[in-house]
Amino acid sequence: MNCILTADRLQRERSTVYESQEMSRILTDDGIELAYESIGSDDDPCIILIMGLGAQMRVWPDSLCHALVKKGFRVIRFDNRDTGDSTALDHHGTPSLVKTWLTTQFKRKAQVPYTLKDMSRDVIALMDTLEIDSAHLVGASMGGMIAQILAAKQKKRVRSLTSIMSSATSPSLPGPKLQVLLQLARRPTPFNREASIRYTMRMNRLIGSPAYPMDELELRQLAETSFERTSTPSGFKRQLVAITAAGDRSHILRKIKVPTLVIHGSDDPLIPVRMGLATAAGIRKSKMRVIHGMGHDLPSGLVPQLSKLLSKHVKKAEKRWQRKIEKKRLKLLEHDDHHVLALPAPNDSSETKNLLNVVNIRA
């Protein structure tokens, strides 16, 4: 996924960056260094933004991050492995997309450098290092797939899920998406500045929102910004085969119990809206929002609508989470009271009176 930042938005948002927005790094047990930014107060409920295929954390609009912070949340965005300023795994080489896809068609396990589950463990490592016990997850495209895995497998660590322009199945090569997928995989060779810029501009035209077109200057400035933080050209291919090797993950959707919001564009050329609808249908009590005119990107014109949808969903989920914690606390207190009352009766009457006083205080 190569999301789009307009040139005027880049200039406007750079002037409103919070002082707390400083890039830092953590090192996972797997030896992966993840670059991240934390915006807002550490004391506020945390939203972790997980970006998509080949896209860097800066693709999450600053204005969206700041809007969520103003709503009372701490926002964390980071570069996935093989993206931006995080670790590049070039020693794994460049895997074959077609070979990986054919292997999955024969129901065999594909040999890939890493999996979506590995990438989901990166998120947990980030949370552990920052001492975040649980968070609200917002994932776009591949990031939505990672967030779905976490919501299903790490239930105690996820307060809510928002899946944006994502799906629960890997892209199938035959079909209307074939041209898009092949062009995504066809990275420029040799990989130099001008070739990278032309590639990014071409892809942004291909997957962008038709209702929010950009001019050539905007496209070029975005491509230049992207090139400055690109860790490795082959990292994109390794992420793509990780998605392909994951195959159909629709069965894990039934395990997701947290409040879930699914957002999808009506004009998404890479992951059709029907796949977003199928994702929502597979998650019990999830809510679906289709945004007309949206493609496979996060255009600046939709930031107000996206921030409204996200803040409303996360606030409601946060209240539910806090009620759940309070219920557990009261249950624990009740258990402690019963434990005290079940103690052998002291011989001394004064001790009995003191014990009853303790019970009354706890009650």
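Annotations
- Amide H partners (placed H, <5 Å) of GLY84, local residues excluded: SER231, THR232
- Among the protein heavy atoms, those of ARG274 account for about 140 Å² of accessible surface (1.4 Å probe, every chain in place).
- FRET efficiency, 1/(1 + (r/R0)^6) with R0 22 Å, evaluated for ARG284 and LYS308 via beta carbons: 0.35
- Local charge for ARG284 was computed over the other residues whose Cβ lies under 11 Å away, with Lys and Arg +1 and Asp and Glu -1, and equals +4.
- For ASP122, solvent-accessible area (1.4 Å; no DNA, RNA or ligand), Å²: 0
- Using the Cβ-Cβ distance between LEU333 and GLU22 with R0 set to 41 Å, the FRET efficiency from 1/(1 + (r/R0)^6) comes to roughly 0.50.
- Calculated FRET efficiency for the pair ILE325/LEU277, C-beta based, R₀ 45 Å, to 0.05: 0.85
- Nonlocal amide H pairs with ALA110, under 5 Å, H built at 1.01 Å: none
- Measuring between their Cα centroids, the stretch 67-118 and the stretch 239-255 lie 12 Å from each other.
- Rounded accessible area of GLU22 (nearest 10 Å², 1.4 Å probe): 120
- The Rg/Rh ratio of the stretch 113-164, with both radii computed over alpha carbons and Rh defined as the Kirkwood radius, is 0.94.
- Computed label-point distance, nm, for sites LYS315 and VAL98 using a 7 Å Cα→Cβ extension: 5.2
- Principal axis dimensions, the stretch 198-288 - Cα atoms, whole angstrom, descending: 44, 31, 20
- Under-5 Å amide H pairs with MET288, H placed in peptide plane, nonlocal only: VAL262
The values are calculated or read from the model by the stated rules, or taken from the named source; none is laboratory data. For clarity, every value in this text was computed on a predicted model and none was experimentally measured. We place every Cβ from the backbone using ideal geometry, glycine too, and count neighbours over all the protein chains shown. These area figures cover heavy atoms from the full protein model, side chains too; ligands, DNA and RNA do not enter into them. Shrake-Rupley method; radii C 1.70, N 1.55, O 1.52, S 1.80 Å.
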